[in-house]
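Bear in mind that the values in this text are calculations on the coordinates, not laboratory data. Please read all numbers here as calculations on a predicted model, not as lab measurements. In this analysis, Cβ positions are derived from the backbone assuming ideal geometry, glycine residues included, and neighbour counts consider all displayed protein chains.
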Amino acid sequence: MTTRPLAIITVTASGIGYAVAQYLEKTHSLLLIDRGEFGDHIQAETLQFDVGEAVEWQKLTDAINGRPIDFLMLNAGVGFKTSWTDPNDWREMMNTNLFGIINGITTLLPLIENNKATIVITGSKQGITNPPGNPAYNASKATVKSLAESLSYDLRKTNVSVHLLIPG
């Protein structure tokens, strides 16, 4: 029996993460991460934790158990109206949208960088267009865009390809 390649996807209860999981279910063993409920009808191993909390990522390395990672989608993101003056809004937004991705990279890159693998990081058009009314979200997604571009550049001479997905 052939072992299926491993795909890890964060935030899969709905939306893009769920759709990608449905698609990859046909060809990959899935390891899905979410802090809430998981989408129905997907055959996968699941882990429930907050991607913004670095210590939680140890659960994932334990679950990987040495399996090579073929595909990683860092899809964490929350969006809600924020103000310029509430530091808690900013902290929550950055913790999930930015540090959810940084935590994934710092935890998993040592397990990926010597393999042939694909990393997809989900951004947002708001990180480029910066519409008014949601400064923390815009800033978090602009930083995610920069982070993905830097990672892609730094890994260009490896077998790891990095892609930024900007829906909308």
Read-out Rg/Rh (Cα atoms, Kirkwood Rh), derived from the coordinates shown; its label in [x] 0.97; [y] 1.17; [z] 0.99: [x]
Under-30-angstrom lysine pairs by C-alpha in the chain, whenever the two are 8 or more apart or on separate chains: 21
Theoretical FRET efficiency, 1/(1+(r/R0)^6), r = Cβ-Cβ of residue 42 and residue 85, R0 25 Å, to 0.05: 0.05
Built amide H within the under 5 Å cut-off of residue 162, gap 5+: 119
Given charges at Cβ of Lys, Arg, Asp, Glu: the chain dipole, positive-most of 160, 17, 7: 160
Estimated dipole of region 6-165 in Debye, rounded to 20 [Cβ of Lys and Arg +1, of Asp and Glu -1, Cα centre]: 540 debye
Sequence-separation-based contact order of the chain, relative, with Cα cut under 8 Å and 6+ spacing, percent: 20 percent
Alpha-carbon centroids, region 5-62 and region 125-168: separation in whole Å: 21 Å
Net charge, residue 137 excluded, C-beta distance under 10 Å - Lys, Arg +1, Asp, Glu -1: +1
